[in-house]
Amino acid sequence: MSPLPPGAKRDSGTARVLGSGASGVAELLVFHPVDTIAKRLMSNKAKVSFSTLSPIIFRDYATATLPKKLLSLFPGLGYAAGYKISQRIYKFGGQPYFNDLISSHYKSNFTSAFGEKNGKMLMHATAGSLTGIGEVLLLPLDVLKIKRQVNPEAFRGRGIFRIVAEEGTALYRGWGWTMARNAPGSFALFGASAFTKEKILHIEDYSKATWTQNFIASIAGAVASITVAAPLDTIKTRIQNANFESKVGGVTVFKDLVKNEGAGALFKGLTPKILVVGPKLVFSYTLAQSLIPFFGQYV
């Protein structure tokens, strides 16, 4: 392939898909084990101590050799690949689309209410929130991924097509809590990132941020996002990792969790997620932002 001639129209949509999809693949291979650890810690209902940490994380492989322990952190990789790559393509490609949509129809409303710069930041945040809500469409893949990570017995030897046929709408269990988590979480992600670029780094055109600037803004957005969404994420995870026939709702899960484990349990797994989510989102975001313009030269 050769670069398109000057002035030629580039298929930015295709470039976004290729760039964000590649970042999703790379992120999956690097961070899937850490995601498994976080999910298992969030799903654990007993007190966590140094002596119980290994059985919680590695389960049946707690006494196995190191290579087997590491491989045990890759359950459900096929489901995770389908979810993560689709989610990254949707998130990185969808947010700019929603932002363009809001800017075309409601920019004057945001500007008059919040001012030009604050309005621009809030449009980015609102676009992120709408994108997060729409992620509920990918929920079945997320459900299957989580069950493979923390409750593989739920599959009982069944393949994905049989599970989809038999479970149907059960794969959307927890959809309301997923939307409730994603809306503020994505708002915080894109909002904090935009705030950092606008107020701290003084960037007028966010798309022209350098790798280092995207790195800094992504850390701010990621930490804000995961902290805001942590309680709802814990509830969502417990709903989804139960057996398929379970009918326990989110309110019941919340009440039982607070009653038996205390309110602090809503933030189980937050520390490892914060320690990882910065590099994780920075990794995928900066890689996508670097690859999208690269692919834009050719497609």
(request) State the number of residues belonging to region 107-162 that are buried (at least 16 other Cβ atoms within 10 Å of the Cβ), modelled with pLDDT of 90 or more and basic (Lys, Arg). (result) 1
(request) Filter region 263-299 down to the residues that are more than 19 Å from the chain's Cα centre (by Cα), among the hydrophobic types (A, V, I, L, M, F, W, C) and within 16 Å of Gly93 (Cβ to Cβ), then identify the one that is surrounded by the most Cβ atoms within 10 Å (Cβ to Cβ). (result) Ile292
(request) Mind listing whichever residues of region 187-211 are among the polar types (S, T, N, Q) and in a loop (DSSP other than H, G, I, E, B)? (result) Thr210
(message) What's the total number of residues in region 70-112 that are under 19 Å from Gly132 (Cα atoms), out of contact with any Leu (no Cβ under 7 Å at 6 or more places or on another chain) and without any contact (Cβ under 8 Å) to a residue 40 or more places away in the chain?
(response) 6
(request) Answer yes if at least one residue in region 85-100 is modelled with pLDDT of 85 or more, surrounded by fewer than 17 Cβ atoms within 10 Å (Cβ to Cβ), in contact with a Lys or Arg (Cβ under 9 Å, 6 or more places away or on another chain) and over 26 Å from Leu28 (Cα atoms), and no otherwise. (result) no
(request) Kindly indicate the residue of region 33-82 that is surrounded by fewer than 17 Cβ atoms within 10 Å (Cβ to Cβ) and of a type in the set (S, T, N, Q) and also modelled with the highest pLDDT among those meeting that condition. (result) Thr65
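Table: residues versus (1) within 22 Å of Ser129 (Cβ to Cβ); (2) modelled with pLDDT of 75 or more; (3) part of a helix (DSSP H, G or I).
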position	(1), (2), (3)
Gln213	no, yes, yes
Ile219	yes, yes, yes
Ala224	yes, yes, yes
Ala229	yes, yes, yes
Thr234	yes, yes, yes
Ile239	yes, no, yes
Lys247	no, no, no
Asp256	no, yes, yes
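The values are calculated or read from the model by the stated rules, or taken from the named source; none is laboratory data. Just so it is clear, the model here is predicted, and its values are computed rather than measured. Positions of Cβ are backbone-derived with ideal geometry, glycine not excepted, and every protein chain shown enters the neighbour counts.
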